[in-house]
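**Q** Before we start, here is the structure in question, set down as structure tokens.
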Amino acid sequence: MSTLTYSSPFPPSFVFGVAAAAAQIEGAAFTDGKGESIWDRFCRVPGKVAGGDTLDVACDHYNRFDDDFALMASLGVKHYRLSIAWPRIYPQGDGPVNKNGINFYRRLLASMARHGITPWVTLFHWDLPQALEDRGGWTSRVTVNAFARYADTVVKEFGALVKNWITLNEIRCFTLLAYGLGSKAPGRREGKAVVNQTCHHALLAHGHAVRAVREFGGPGTRVGLTDNCDVSVPVTETPDDIAAAQAWFLDKNEHILGAIHGGGYSPAYLARTGVDAPQVQPGDFDLISQPTDFLGLNIYTATYVRSGEGGEPYEALALPASYPRADSPWLNLVPQAIYWAARMCHELYGHRSIYVTENGCGYDEERVVGGEVVDLHRRDFLRNHLRELHRAIADGIPVDGYFLWSFVDNYEWEDGYGRRFGIVHCDYETLERTPKLSARYYADVVRTRTIL
Ligand code: GBH
């Protein structure tokens, strides 16, 4: 047990950062030899993205990163989670490397170093090269092998500047939602067997990234996955409801966290998927289940669970319509999600270093008035979530860092530019940045290391 009390500061080594992803902020979608990504293609399909918004310009971070890092540094933020755009490095997914892409990230990482900001680099945050999608995308091992080569290249090129690597962002989103529900690029609606196979291929890619970092990362380099596990919150914090929430958590996460930590798919998962179970080749789980240095969790919301009746292990509750949420319809406001996600991953899988790699909220109506956006709703969100994070640390749960999503308003995938997650406002006409009230608030938290 740590000795953190209600009002004490976060530990000195605790990392406070902000996060974003290449496709969502860079723009320059076809500049300096970058290849087309599946999102560049998908956003042009009528009806797929709100307002038909494209990623072509986004926040123009490609040309403005130096100013963005100056702003970040002025807020006292010293850690930034970014991603590298695979189609900038390999425009065709595999094939020839694009030197301009390498040079861009060299300049960007050098600028971060000048501003005293430590990079946390995600290798894949959904922008698959379209050329690989044309060869089957995540349904095919072609993509896994291309990713392995891409990971080798990136770790070799940037290993001297990057010590913290994140393999993949949110496997569920680029497999289940992208190949099953079709709401994310490439927008396919395949059956369960295909979807389960995309998930298995993603696990393999994760394993290759871990291998690449071990092989080429050099001393002191760390690597982990970022997962958006399904999170359960016990309705009451009693032993019965907690046990029910744990059982639900294990069930809902068996295909990703369960498989990684179990060294294979569980008998329960194989029974449940039956003929739709993924095809596994010998050696796959030697890669997938390699030890990692930390677990990244993207925490936004949760499901309330209580103990079941009549022998059921749990009961998950549907939320009433009046339950509070952000403007993102899926984003029900459940601050305890952060506490329980961390606690479950520590207790059920033995993780000893956990980072919240994303947490934040999306709203539609945020206007600059008198040089400021008064986003008290976001300040409230942050404060409530930081309280639960603090409680986790006080209970001895090893959470070592927190990255707020997001630094600046950006391309919210199928919701386009209308839905804003930033603590810095972006005017998409002028591309001007304006720190919101929540940015000032977060800066004060980071400076004092206390919840104000
Ligand atoms: C993260 O995903 C992403 O990593 C980030 O890029 C994104 O901008 C940010 O969060 C904010 O959305 O269609 O009803 O099944 C968020 C996690 C999980 C949110 C799946 C949308 C779909 C709900 N996502 N969810 S549904």
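The values are calculated or read from the model by the stated rules, or taken from the named source; none is laboratory data. Everything quoted here is computed from the prediction, not taken from an experiment. Backbone-built Cβ (ideal geometry, glycine too); neighbour counts: all protein chains shown. Just the protein is used for accessible areas: all its heavy atoms, side chains included, with ligands, DNA and RNA removed. Shrake-Rupley method; radii C 1.70, N 1.55, O 1.52, S 1.80 Å.
**Q** Tell me, what is the FRET efficiency for Phe30 and Ser266 to the nearest 0.05, using R0 = 35 angstrom and their Cβ-Cβ distance as r?
**A** Working: r = 44 Å, r/R0 = 1.26.
That pair, Phe30 with Ser266, gives E of 0.20.
**Q** Shifting gears a bit: Summarise the accessible area of the chain (1.4 Å probe, protein heavy atoms) by the percent that is carbon and sulfur. Mind dumping the intermediate values first?
**A** Details: 8860 of 16960 Å².
Whole-percent figure for carbon plus sulfur exposure: 52.
**Q** Report, by chain and number, residues whose modeled amide H sits under 5 Å from the one on Val408, excluding near sequence neighbours (fewer than 5 apart, same chain).
**A** Amide H neighbours of Val408: Ile423, Val424.
**Q** Now a separate question. So for the stretch 84-186, taking the charge dipole from beta-carbon charges (+1 Lys/Arg, -1 Asp/Glu), which of Pro96, Ala146, His115 sits furthest toward the positive end?
**A** Working it through, the farthest residue towards the positive pole turns out to be His115.
**Q** Sticking with this one: How charged is the neighbourhood of Arg379? Take every other residue with its Cβ under 14 Å from the Cβ of Arg379, and add Lys/Arg as +1 and Asp/Glu as -1.
**A** On the way: positive: Arg378, Arg383, Arg387, Lys436, Arg440; negative: Glu366, Glu372, Asp375, Asp380, Asp444.
Cβ neighbours under 14 Å give a net charge of 0.
**Q** Also, I was wondering about something else. Only bridges whose two residues both fall in the stretch 15-448 count here: according to DSSP, what percent of them are antiparallel, nearest 5? Don't skip to the end; give the middle numbers.
**A** Values: 10 of 45 bridges.
Percent antiparallel among DSSP bridges in the stretch 15-448 is about 20.
**Q** May I ask which residue of Val57, Pro239, Gln336 lies farthest towards the positive end of the charge dipole of the chain, with charges of +1 (Lys, Arg) and -1 (Asp, Glu) on Cβ and the Cα centre as origin?
**A** Val57
**Q** Which is farthest toward the positive dipole end of the chain among Pro398, Thr430, Cys345, measuring Cα position about the Cα centre, with Cβ charges +1 (Lys, Arg) and -1 (Asp, Glu)?
**A** Among Pro398, Thr430, Cys345, the one farthest towards the positive end of the dipole of the chain is Pro398.
**Q** Let me spell out the model: positive unit charges on the Cβ of Lys and Arg, negative unit charges on the Cβ of Asp and Glu, origin at the Cα centre of the stretch 15-448. What dipole size does that give, in debye rounded to 20?
**A** Numbers: 43 positive and 53 negative charges, 195 e Å.
The dipole of the stretch 15-448 has a size of about 940 debye.
**Q** By average Cβ neighbour count within 10 Å, what is the ranking of 335-343, 249-257, 100-108 from highest down? Before the final figure, lay out each step's value.
**A** Details: 335-343: 24.6, 249-257: 21.6, 100-108: 17.9.
Ranked from most to least packed, the peptides come out as 335-343, 249-257, 100-108.
**Q** Evaluate the relative contact order of the stretch 212-278 (contact order divided by residue number), counting alpha-carbon pairs under 8 angstrom at least 6 apart; express in whole percent.
**A** Details: 34 pairs, mean separation 12.5, N = 67.
Worked out over the stretch 212-278, it gives 19 percent.
**Q** Also, quick follow-up: Order Ser111, Ser8 by their accessible area, 1.4 angstrom probe, all chains in place, largest first.
**A** Numbers: Ser111 0, Ser8 30 Å².
The ranking, largest first, comes out as Ser8, Ser111.
**Q** Mind checking the full-extension length gain between Ala318 and Trp330? Use 0.36 nm per residue of separation minus the Cα-Cα distance, one decimal, nm. Let's see the in-between values first.
**A** On the way: separation 12, 0.36 × 12 = 4.32 nm, distance 1.24 nm.
Between Ala318 and Trp330, full extension yields 3.1 nm more.
**Q** Counting only heavy atoms of protein chains, what accessible area per residue, in Å², does the chain have with a probe of 1.4 Å?
**A** Working: 16960 Å² over 452 residues.
In whole numbers, the chain has 38 Å² accessible per residue.
**Q** Let me ask something additional. Per-residue counts of other Cβ atoms within 10 Å, averaged by peptide: what ranking do you get for 355-363, 113-121, highest first? If you can, show how the numbers build up before the last one.
**A** Values: 355-363: 24.3, 113-121: 17.3.
Top to bottom by mean Cβ count within 10 Å: 355-363, 113-121.
**Q** Filter Lys163/Lys184; Lys78/Lys163; Lys192/Lys252; Lys34/Lys156; Lys99/Lys156 down to the pairs with a C-alpha to C-alpha distance above 22 Å, please. Each step should come with its number before you reach the end.
**A** On the way: Lys163/Lys184 30 Å; Lys78/Lys163 14 Å; Lys192/Lys252 16 Å; Lys34/Lys156 20 Å; Lys99/Lys156 14 Å.
Cα-Cα > 22 Å for Lys163/Lys184; rest within.
**Q** Okay, next question. Cβ under 15 Å from Leu71's Cβ, Leu71 left aside: what net charge do those residues give with Lys, Arg +1 and Asp, Glu -1?
**A** -2
**Q** May I ask you to derive the FRET efficiency for Arg440 and Asp276 from their Cβ-Cβ distance with R0 = 35 Å, giving the value to the nearest 0.05? Present the calculation step by step, with values, prior to reporting the outcome.
**A** Details: r = 50 Å, r/R0 = 1.43.
FRET efficiency, Arg440 to Asp276: 0.10.
**Q** Report the semi-axes of the equivalent ellipsoid for the stretch 60-210 in whole Å, largest first, where each axis is √(5λ) for an eigenvalue λ of the Cα gyration tensor.
**A** Values: eigenvalues 173, 53, 37 Å².
Each semi-axis is √(5λ); the values are 29, 16, 14 Å.
**Q** Here is a further query. Need the full-extension length gain, Thr118 to Asp66, defined as separation in residues times 0.36 nm minus the C-alpha distance. One decimal, nm.
**A** Numbers: separation 52, 0.36 × 52 = 18.72 nm, distance 1.43 nm.
Using 0.36 nm per residue and subtracting the Cα-Cα distance, I get 17.3 nm.
**Q** Follow-up. Quick one: Karplus J couplings for the stretch 383-398, per residue in order, coefficients 6.51, -1.76, 1.60, θ = phi - 60°, nearest Hz, x for Gly and Pro?
**A** Once θ is set to phi - 60°, the couplings for the stretch 383-398 become 4, 4, 6, 5, 4, 5, 5, 4, 4, 4, 5, 4, 7, x, 8, x Hz.
**Q** So, one more: Please list 3J(HN,Hα) in residue order for the stretch 344-350, calculated via the Karplus relation 6.51 cos²θ - 1.76 cosθ + 1.60 where θ = phi - 60°; whole Hz, with x for glycine and proline.
**A** Values per residue, Gly and Pro as x: 4, 5, 6, 6, 8, 10, x Hz.
**Q** Let me ask something else. Which residues does a label at Asp364 reach in the stretch 420-452, if reach means a backbone N under 20 Å from a point 7 Å past the Cα toward the Cβ?
**A** Label zone hits: 420-423, 425-429.
**Q** For the stretch 15-448, what relative contact order do you get, as a whole percent, if you take Cα pairs closer than 8 Å and at least 6 residues apart?
**A** On the way: 896 pairs, mean separation 72.2, N = 434.
Dividing the mean separation by the residue count of the stretch 15-448 yields 17 percent.
**Q** If one computes the Cα centroid of the stretch 224-249 and of the stretch 252-286, what distance in Å separates the two points?
**A** Each part's Cα centre sits 20 Å from the other's.
**Q** From the P(r) of the stretch 15-448, can you give the percent of Cα pairs sitting at distances over 27 Å? Numbers along the way, then the final one.
**A** Numbers: 47418 of 93961 pairs.
Value for the stretch 15-448 (Cα pairs over 27 Å): 50 percent.
**Q** Let me ask something else about it. If the convex hull of the alpha-carbon atoms of the stretch 1-82 is projected onto planes in all directions, what is the mean projected area in square nanometres? Each step should come with its number before you reach the end.
**A** On the way: hull surface 36.0 nm².
With every direction weighted equally, the projected area is 9.0 nm².
**Q** Quick one: 3J(HN,Hα) in Hz for the stretch 255-268, Karplus 6.51/-1.76/1.60 with θ = phi - 60°, rounded, Gly and Pro as x.
**A** 3J(HN,Hα) across the stretch 255-268, in whole Hz: 7, 10, 5, x, 5, 4, 7, x, x, x, 6, 6, x, 5.
**Q** A follow-up question, please. Can you tally the net charge around Arg352? Count Lys and Arg as +1, Asp and Glu as -1, for every other residue whose Cβ sits under 10 Å from the Cβ of Arg352.
**A** Details: positive: none; negative: Asp293, Asp400.
Residues close to Arg352 contribute a combined charge of -2.
**Q** For the stretch 351-452, build the convex hull from the C-alpha positions and give me its volume per residue in Å³.
**A** Value for the stretch 351-452: 106 Å³ per residue.
**Q** Going by Cα centres, the stretch 1-71 and the stretch 313-379 are how many Å apart?
**A** 18
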